[in-house]
Amino acid sequence: MKVAINYDAILQEKIISASAAARFVKSGDVLDFGFGPCQPDLFDEALSARKEQLSNVLIRMAITSVPRHVIECDPQQKHFHVENWHFSGYDRLKYDEGTVSYVPMNFGEAPKIYREYRSIDTLILKTTPMDKHGFFNFGLCNTYQKALCDVAKRIIVETSESMPLAHGVENIIHINDVDAVIVGNNAALTELPSQPISEVDKKVAQFIINELEDGSCIQVGIGGMPNAVCSSLATSSIEDLGIHTEMFIDGMVDLVNAGKVTGKYKNTYPGKITYSFGMGAKSCYEFLDNNPECISLPVDLTNLPENIAANDKVISINNTMMVDLTGQAGSECIGHKHRSGTGGQLQFVRGAFASKGGKSFMCLSSRYTKGDNAEPRIKIAMPEGSIVTTPRTDIMFIVTEFGIVNLKGLSVSERALALISIAHPDDREALENEAREHGLFPKRFFYSS
């Protein structure tokens, strides 16, 4: 007769205070706080209280959803140094202050990067409380959390009753593999409010909707434009959508509630919504909680191009900050000022193109406001220091409020013409002149806006 294991007894032996957990850390250690809303709170505060006892402690994290004590307590970085894989608004501010470093990464490569190239002395993750089988669930953030567990020398979980329970793959860790447990404060998770949808967003969304068909399998990024696409899809005649995305957002809940998502034409996880992390409003978290329709996957399964392309009619919709006249998209910095990260944009662009019937869309408004001036987002060249996130060889559709163009197969001259045609009307003549001046048009070419 098999004797039932008393996991609660094991749990009680491993429960410690946040202060006791912080005492594990030594000078020179490498720590990892994980991803987004699954970063620890009590441990973060307890560790910052020990700063005078520590030096040269490296802490990695990504998309920090609330201010971190280890950053705020040490503006000169005498004790803690923070590296970040992808910036939130808070991370961006800290980078501008010089207290956070950015680490370039294609998001889908994160599990392999950790397993093969990174080390961790202590890993601290926020999870659900332990279930009756002895498992802690990663909740909103699957991403590369299991890879962190695989390489960490010590694993500490900080539990939260506010964390949604996710169904998925590689999204749990067992009490036997955990070194210590901090009972968290159960504070409500940080919400990421949807940006309001502008008239520009609506125009861009309509151009994209016209390219979609029944059975499309969609990925959308974050922001007003992707939300506008979801809103337009919810009221369109398009049916039987699938969702395979890195980020699950509020707009996808609206699509499901509108009856547009069945997933029945998906080749991978048919009938299921597949995602790697979720961020949004409380309603988004409530939708994901213990929902068997939704499958949380590690980010290599959602983002590696071959896994994306395994589905047909993949539709990838992302924002970019600027595009040059050859089609290069810069989506993570403006000059030397870093704003976000590489994320999964390039991998979804490539995966969508490789998908049978797939399409990728890069969205941007034709202009942005800088002080009192309106600046073009379509430029002859990106500012010095700007990083190309998606190369011109990979770009497919580019969309502004003035139109949509497909750059695949076009020459440099044809690309410039196409992009000028969807630039702001007041910028087209100047762009044409710059294109001629820099040799983008051969002598035989004639164009007039």
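Read-outs: derived from the displayed coordinates by stated rules, not from any lab. Predicted model, so just to flag it, every value in this text is computed and none were measured. Cβ atoms come from the backbone with ideal geometry, glycine included; neighbour counts cover every protein chain shown.
Find the relative contact order for the chain and round it to a whole percent, using C-alpha pairs within less than 8 Å whose residues are 6+ positions apart. Working shown, then result.
Working: 1061 pairs, mean separation 57.3, N = 449.
Reported relative contact order: 13 percent.
Mind giving me the FRET efficiency for Val412 and Asp179? R0 is 45 Å, r the Cβ-Cβ distance, nearest 0.05 is fine. Intermediate values should be presented prior to the final figure.
On the way: r = 56 Å, r/R0 = 1.25.
Plugging the Cβ-Cβ distance into 1/(1 + (r/R0)^6) gives 0.20.
How large is ³J(HN,Hα), in whole Hz, for each residue of the stretch 196-206 in order, when computed from phi with the Karplus curve 6.51 cos²θ - 1.76 cosθ + 1.60 and θ = phi - 60°, using x for Gly and Pro?
x, 8, 8, 5, 4, 4, 5, 5, 4, 4, 5
Pick out which of Gln195, Gln347, Gln12 has the largest mean-square fluctuation in a Gaussian network model of the chain, springs linking Cα atoms closer than 10 Å.
Gln12
Helix 224-234 against the longest principal axis of the chain: what's the angle in degrees, Cα atoms only, rounded to the nearest 10?
90 degrees
Applying a 10 Å radius around every beta-carbon, put 95-104, 160-169 in order of their mean neighbour count, most first. Provide the component values of the computation, followed by the final result.
Numbers: 95-104: 15.5, 160-169: 19.7.
Top to bottom by mean Cβ count within 10 Å: 160-169, 95-104.
Taking amide hydrogens as modeled 1.01 Å from N in the peptide plane, which residues meet the under 5 Å criterion relative to Thr127, leaving out close sequence neighbours?
Amide H neighbours of Thr127: Glu158, Thr159, Ser160.
Of Ile387, Gly371, Ala423, which is farthest along the charge dipole of the stretch 199-437 in the positive direction, counting Lys and Arg as +1 and Asp and Glu as -1 at C-beta?
Ile387
Ranking Glu286, Glu158, Glu45 by Cβ neighbours within 10 Å, fewest first, what do you get?
Values: Glu286 12, Glu158 25, Glu45 17.
Starting with the residue having the fewest Cβ neighbours, the order is Glu286, Glu45, Glu158.
Excluding same-chain residues fewer than 8 positions from Lys260, which aspartates and glutamates have a Cα within less than 16 Å of its Cα?
Here the aspartates and glutamates satisfying the reach criterion relative to Lys260 are Glu213, Asp214, Glu239, Asp240, Asp250, Glu293.
What does the convex hull of the Cα atoms of the stretch 7-183 come to per residue, in Å³, rounded to a whole number? Don't jump to the answer; show the numbers that get you there.
Working: hull volume 18.4 nm³, N = 177.
Each residue corresponds to 104 Å³ of Cα convex hull volume.
Among the lysines, select those whose C-alpha is under 17 Å from the C-alpha of Lys94, and discard any that sit fewer than 8 residues away in the same chain.
Leaving aside lysines fewer than 8 places away in the same chain, those within reach of Lys94 are Lys78, Lys337.
Taking only Cα atoms and a 10 Å spring cutoff, compute GNM fluctuations for the chain and point out the largest among Asn373, Asn106, Asn137.
Comparing Asn373, Asn106, Asn137 in a Gaussian network model of the chain, the most mobile one is Asn373.
Testing the spin-label approximation: label points 7 Å from Cα along Cα→Cβ at Ala49 and Asn210. State their distance in nm.
6.1 nm
Under a crude label model (7 Å from the Cα following the beta-carbon direction), how far is Thr262 from Val103 in nanometres?
Spacing of the two 7 Å Cα→Cβ label points: 4.4 nm.
Quick one: 3J(HN,Hα) in Hz for the stretch 381-392, Karplus 6.51/-1.76/1.60 with θ = phi - 60°, rounded, Gly and Pro as x.
These are the phi-based 3J(HN,Hα) values: 7, 6, x, 3, x, 5, 9, 7, 7, 10, x, 5 Hz.
Listed here are the pairs Lys26/Lys146; Lys14/Lys153; Lys266/Lys356; Lys202/Lys359; Lys26/Lys112; which of them are more than 21 Å apart at the Cα?
Details: Lys26/Lys146 24 Å; Lys14/Lys153 16 Å; Lys266/Lys356 12 Å; Lys202/Lys359 19 Å; Lys26/Lys112 27 Å.
Violating the 21 Å Cα-Cα cut-off are Lys26/Lys146; Lys26/Lys112.
Which three extents, in angstrom, do the Cα atoms of the chain have along their principal axes, listed largest first?
Extents along the principal axes, in whole Å: 81, 51, 37.
Have a look at Thr369, Thr400, Thr190 and tell me which one the Gaussian network model of the chain (Cα, springs below 10 Å) gives the largest fluctuation.
So, out of Thr369, Thr400, Thr190, the one fluctuating most is Thr369.
Grab the DSSP H runs of the chain that are 4 residues or longer, score each as -39,500 (n - 2.57), total them, divide by all residues and round the 222 nm result to the nearest 500 deg cm²/dmol.
-7500 deg cm²/dmol
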